[in-house]
1. Working carefully through the options Ala368, Ala350, Ala361, find the one that is hydrophobic (A, V, I, L, M, F, W, C), over 26 Å from Asn182 (Cβ atoms), in contact (Cβ under 8 Å) with a residue 40 or more places away in the chain and part of a helix (DSSP H, G or I).
2. In the stretch 110-155, what residues are open to solvent by 10 Å² or more (accessible area, probe 1.4 Å), of a type in the set (Val, Ile, Thr) and out of contact with any Gly (no Cβ under 8 Å at 6 or more places or on another chain)?
3. Taking Asp205, is it in contact (Cβ under 8 Å) with a residue 12 or more places away in the chain and not basic (Lys, Arg)?
4. Being aromatic (Phe, Trp, Tyr) and touching a Leu at 6+ places or on another chain (Cβ under 7 Å) is the requirement here; does Phe394 meet it?
5. Only one residue in Glu423, Glu439 is at pLDDT 95 or above, closer than 22 Å to Phe144 by Cβ and acidic (Asp, Glu). Which one?
6. Whether any residue in the stretch 462-477 is over 18 Å from Pro100 (Cα atoms), in contact (Cβ under 8 Å) with a residue 24 or more places away in the chain and open to solvent by less than 30 Å² (accessible area, probe 1.4 Å) is what I want to check.
7. Going through Lys222, Lys302 one at a time, which residue ends up being among the basic types (Lys, Arg) and surrounded by 20 or more Cβ atoms within 10 Å (Cβ to Cβ)?
8. If you scan the stretch 256-285, which residues turn out to be in contact (Cβ under 8 Å) with a residue 60 or more places away in the chain and either outside any loop (DSSP other than H, G, I, E, B) or of a type in the set (Gly, Ala, Ser) (or both)?
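The values are calculated or read from the model by the stated rules, or taken from the named source; none is laboratory data. Note that the structure is a prediction, hence the values are computed from the model and not measured. Cβ atoms come from the backbone with ideal geometry, glycine included; neighbour counts cover every protein chain shown. Ligands, DNA and RNA are excluded from the accessible area calculation, which covers all protein heavy atoms including side chains. Shrake-Rupley method; radii C 1.70, N 1.55, O 1.52, S 1.80 Å.
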Amino acid sequence: MEIISCHTTSCCYIVNYRGTKFTDPHHSNRGKGFSSSLIKSSNFDHPYSLRLNRLTHYRVPNTVCSLNEAYDSNVLDGQVGTTSVTDRNNNRSIPKVSIPSLPDNNGGDSAAPISSCYWEWKPKLNVHYEKSGSGNVDSPAVLFLPGFGVGSFHYEKQLKDLGRDYRTWAMDFLGQGMSLPNEDPTFRSDEYVLDGKNGHWGFGDESETWAKELVYSVDLWKDQVHYFVQEVIKEPVYLVGNSLGGFVALYFAACYPQLVKGVTLLNATPFWGLLPNPERSPILSRLFPWSGSFPLPSGIRKLMEILWLKISDPRSIAEILKQVYADHSTDVDEVFARIVETTQHPAAAASLASIMFAPKAQLSFEEALSRCQMNNIPICLMYGKEDPWVMPIFGLQVKNQMPDAPYYEISPAGHCPHDEVPEFQVVNFILRGWLKNVESEGRFVLPLLDDNPENAYYNVTKDLEFFRQEGSRKSVRVKFHGSNFSVWNWILSQFKPLLTEMSR
């Protein structure tokens, strides 16, 4: 193992759409022949960013109830106060809970500094990661795994906050984010042209020696996490994964339970990959002559010519973000810019092709969950209720299989609740409380249960409220499902408001 570079992140950089080239010395190791055109985010005024900014003018239509704006909060540090709001659908009082703002908000404590580093796992395969809280030597280690198409930057709010109390890491999966290769994995006898431009990597005739077995599959990412935990963190960790990262976290925990202290799933995708796994289905896998390796077949190259024009279009990226972020008041400009920046890397198109055609994992999501259950690995579930992709029923199926796993349903929130919920503190608040519960072996009660362990059996609904920097209040509804949870009862509860409305 070798850490080839590490520096403290001072500001974010994004693609310069105006055509003026700036050189960022911190990104000089991104690869030969690839000079990223970057500008500081404060100068960014691309029209697609402006389109995303207009999302702030919309109201979320899925708000469950209205809040009494005359409420005078005197509730601090997550303790329940005497005031409440009324759920119109069920005619019951919903307690309000005030939670602290993120560091640097409202004059609070300073944020933990974040360092950006590279770790050389294998020759030519450098893994980018960010870390914070290195000085918390006696605190647990927490590793955040990102969803598809993003990277460690998607967890910077978690690292800044939780890094004050824990040692935290977030990595970019190989083939994504800033863990794309530094060199072309193929070589070519003649120049291949994509979208009328030379220089796109991975479209050559033969693979380089170091890339002959390279496939950006979920098994590769599982192995990446394995060696990262062993060689960089060097002790068992708590894993937190969103979407694809949730699948990888659970898969890794099932394969290496001795290296995992607990897993938190944030809208984890319950499946990944289309082609059969050669270990599980050797006969069926032979029907597919190519499964994500380099070089790409000529037919796949032509397919990527068509797809890449659409996928890498900033307008397409903006539309996807509108789908997965239910709360349109969330500022997604940086997320948008970082994703667009990744599409400018010369290896991005071929890497996507490898990911799309890589085989499935050796274990299904359900099998991985069963193994974790057999090994008594603590699981925490946090799901955005308005996710259009991983809908609540997927998370509730996990809850049904693991009744003792705490399940927190957050609304309004979509596919990325850790980044979407305004001020991002709701997920941090719940995660910090769950870590204390596990570390103390239950002496600290789970978040939102009012110091009463008996509440863990039942459903508890509360509104978490916090103050924004400009002084306005924001409230997010969180519903805790206890161990007595029943999918059937949940289905019936979804129809109850409709029946109540019809009876009026």
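1. That would be Ala368, the only listed residue that is hydrophobic (A, V, I, L, M, F, W, C), over 26 Å from Asn182 (Cβ atoms), in contact (Cβ under 8 Å) with a residue 40 or more places away in the chain and part of a helix (DSSP H, G or I).
2. Val137
3. yes
4. no
5. Glu439
6. No: zero hits.
7. Result: Lys222 is the single residue among Lys222, Lys302 that is among the basic types (Lys, Arg) and surrounded by 20 or more Cβ atoms within 10 Å (Cβ to Cβ).
8. Pro257, Val260, Lys261, Gly262, Val263, Thr264, Leu265, Leu266, Ala268, Gly273, Leu275, Ser285
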